[in-house]
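Written below as structure tokens is the structure these notes are about.
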Amino acid sequence: MSKSAGVFFDPFSHSGNARSYLLFGDLHPDHWNTYVYSPIYVLLQVVWFAVFGISVATMHAYGATWSILG
């Protein structure tokens with residue numbers, strides 16, 4: 001456990017779960033499970049990656065899209 005709030009603000013931490021699901025079929029194969037903090041965000045990111053591919057560019061586009069919509 002950590003007192004760092006990075007898990008809430010670092011898009012890479014949430015992307016790891018979505019990436020792992022698409023590549024390995026498991027949301028947290030390495031036991032770094034940020035899914036529990038925001039499961040809806042992660043599940044929508046799984047769909048996003050499935051449609052647009054898994055890359056740093058698509059990860060940033062996902063965050064930018066939510067920023068525009070929100």
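Residues checked against (1) surrounded by 15 or more Cβ atoms within 10 Å (Cβ to Cβ); (2) at pLDDT below 80; (3) aromatic (Phe, Trp, Tyr):
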residue: PHE8; (1), (2), (3): no, yes, yes
residue: HIS14; (1), (2), (3): yes, yes, no
residue: ALA18; (1), (2), (3): yes, no, no
residue: LEU23; (1), (2), (3): no, no, no
residue: TYR41; (1), (2), (3): yes, no, yes
residue: VAL51; (1), (2), (3): no, no, no
residue: MET59; (1), (2), (3): yes, no, no
residue: TRP66; (1), (2), (3): no, no, yes
residue: LEU69; (1), (2), (3): no, no, no
### Query
Can you name the number of the only condition in (1) polar (S, T, N, Q); (2) loosely packed, with under 13 Cβ neighbours inside 10 Å; (3) within 13 Å of the chain's Cα centre (by Cα); (4) modelled with pLDDT under 75 that SER2 fails?
(3)
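The values are calculated or read from the model by the stated rules, or taken from the named source; none is laboratory data. These numbers come from a predicted model, not from an experiment. Don't worry about glycine lacking a Cβ; one is built from the backbone with ideal geometry, like all the others, and counts go over all protein chains shown.
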